[in-house]
Amino acid sequence: MFIPASFRVDDRETLLAFMGRYGFATLVSTCRGALSATHVPLIVDHENERLLGHLARGNPQWEGFGDTESLAIFMGPHAYVSPTWYATGPAVPTWNYAVVHVYGVPRLLSADQTREVVDLTVRKYESGRQSPWPNDLPDDFRQRLLAGVIGFEMPLTRIEGKYKLGQNRSAADQTGMLMGLHNEGVESRLLAEFIEHIRAASRAEPSDAADSR
């Protein structure tokens, strides 16, 4: 991924947290001599430095696992940015976004491990709900469903982070960009909130470091 220095994010914990928050990823790998991509929720296993997921057994992409490197793309908020929002010119339109690319060689899991990955995925997305689904399916029904999926793990061999959030613009331009994003649709407002969160975290870092001394 092309990453200008001003947009590069190297802190591993920051990137892992991003992947956990925006867990619906695009998994790209080689299958039968051609590129294949699947959009799939992936779980970040911090302790073992790996991704966990499952594919439909009928999806041939898993047949290439274990041989070559795959790429998992985690996409965060993104939105169009109009040059009319900037305080300085001339300027052109652009698209701002946050993304993390993860590389590794996926490996297939056993049936028991696959069941654990499926249950882990359910727990992640149900646990924060007011009335979580209890995952109490009849055993025969569950076994039929599990027979139709393939679980996999992907060790994290390389992670790249890119936050293209207007850092290369002046302070006045960035302020105008945020105002413009807040006045647009839902996706634009989500990007504005993400940028504000990143800025707040960045401002807090020096004082936190001072408190720890």
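The values are calculated or read from the model by the stated rules, or taken from the named source; none is laboratory data. Computed from a prediction, not measured in an experiment: that's the story for all the values here. Glycine gets a Cβ as well: all are built from the backbone with ideal geometry, and neighbour counts include every protein chain shown.
Quick notes
- Test: residue in the stretch 52-73 that is within 18 Å of Y97 (Cβ to Cβ), among the aliphatic types (A, V, I, L, M) and surrounded by fewer than 19 Cβ atoms within 10 Å (Cβ to Cβ): yes
- Tally, over the stretch 36-49, of residues that are buried (at least 19 other Cβ atoms within 10 Å of the Cβ) and of a type outside the set (A, V, I, L, M, F, W, C): 0
- Filtered residues of the stretch 182-196 (kept if aliphatic (A, V, I, L, M) and in contact with a strand residue (DSSP E or B) (Cβ under 6 Å, 6 or more places away or on another chain)): L190, L191
- Scanning the stretch 55-106 for residues that are polar (S, T, N, Q) and assigned to a helix (DSSP H, G or I), we see that the one that is farthest from the chain's Cα centre (by Cα) is T84.
- Candidate set from the stretch 122-149 (those that are of a type in the set (F, W, Y) and not in a loop (DSSP other than H, G, I, E, B)); member that is farthest from T38 (Cα to Cα): F141
- Only one of the numbered conditions (1) surrounded by fewer than 18 Cβ atoms within 10 Å (Cβ to Cβ); (2) of a type outside the set (V, I, T); (3) more than 30 Å from W62 (Cα to Cα); (4) more than 25 Å from the chain's Cα centre (by Cα) is violated by G185, and that is (4).
- Candidates A56, A72, A34, filtered to the one that is modelled with pLDDT under 95 and hydrophobic (A, V, I, L, M, F, W, C): A34
- Candidates A72, A37, A98 - the one that is within 30 Å of A171 (Cα to Cα), of a type in the set (A, V, I, L, M) and in contact with a helix residue (DSSP H, G or I) (Cβ under 9 Å, 6 or more places away or on another chain): A98
- Those residues of the stretch 56-87 which are over 22 Å from R158 (Cα atoms), touching a strand residue (DSSP E or B) at 6+ places or on another chain (Cβ under 8 Å) and hydrophobic (A, V, I, L, M, F, W, C), in sequence order: A56, A79, V81
- All positions within the stretch 90-112 that are out of contact with any Pro (no Cβ under 7 Å at 6 or more places or on another chain) and small (G, A, S): S110, A111
- Checking each residue in the stretch 79-124 for being over 30 Å from N48 (Cβ atoms) and among the aromatic types (F, W, Y) picks out Y80, W85, Y86, W95.
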